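Notes follow once the structure below has been shown.
The values are calculated or read from the model by the stated rules, or taken from the named source; none is laboratory data. All figures in this text were calculated on a predicted structure; none of them were measured in a lab. Glycine also receives a Cβ, built like all others from the backbone with ideal geometry; neighbour counts cover every protein chain displayed.
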Amino acid sequence: MSLDNALTGLNDHIRDALPPEVFEILEADRRRAGKTEFARAGDKIEDFTLPAADGAPTSLGQLVADGPAVLVFYRGQWCPYCNLTLRTYQQELLPELAKFGASLAAISPQRPDGPAPDLAFPVLSDVGSAVARGLRLSYPVSAIVREAMETLGIDLEEVNGTWELVHPAVVVADRDRVLRYVDVHPDFVTRTEPAEILEVVKSL
């Protein structure tokens, strides 16, 4: 099963589980036009050092030391679509990346002391979305979506420190910190297929 099919199935399950009025608000939000001026292939990403859930710092320099780095920007551990995507990347992508000297890291705006997915690759906290904002991936949550999320018990002020989210995205940076691939998903139910990421890494 493709990641896209799995995410569609998850969305159908969530539709059945949520109050219809809440699901419709979230559905309308994911179908918004979104930004168009994201970072592009050929841009440079600034070096960064971010803490992991255990507090240990990881820098971009470390991630690209032996080859390209695949950076997965996700909304947070509370997002079921993100969790499904990250687990899929661990199972299908991580073992293949090692063959090409490439690294994998996930980045979200969550505080480092909050819950984090249990994964075999670094899960980093970009508190304040400094790295994501540099790639033009961050955006403020609208008042109606904030109310819907609070109805579900999701308080981004507590989790992230601000009511700001990032568009899910995958970027591949080479050893010179040049972006060789950028795939942004304003529709947060869709994500980049593992095979597509692997083809990019193979070409570098």
Can you pull out every residue in region 9-33 that is surrounded by 14 or more Cβ atoms within 10 Å (Cβ to Cβ) and more than 17 Å from THR151 (Cβ to Cβ)? LEU10, ASN11
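Can you give me the ranges of the helices (runs of 4 or more DSSP H) entirely in region 95-161 with at least 3 residues that are within 19 Å of ASP29 (Cβ to Cβ)?
143-151, 156-159
Here are LEU165, LEU97: which of them is under 18 Å from GLY76 (Cβ atoms) and either crowded, with 20+ Cβ neighbours inside 10 Å or within 12 Å of the chain's Cα centre (by Cα) (or both)? Show your work before the answer.
Numbers: LEU97 fails: under 18 Å from GLY76 (Cβ atoms).
One residue alone meets the criteria, LEU165.
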As an exercise: evaluate ASP113 against (1) more than 11 Å from the chain's Cα centre (by Cα); (2) crowded, with 20+ Cβ neighbours inside 10 Å; (3) not hydroxyl-bearing (Ser, Thr, Tyr) and give the number of the one condition it does not meet. (2)
Which of the residues that make up region 168-178 are buried (at least 19 other Cβ atoms within 10 Å of the Cβ) and either at pLDDT below 95 or not in a loop (DSSP other than H, G, I, E, B) (or both)? ALA169, VAL170, VAL171, VAL172, ALA173
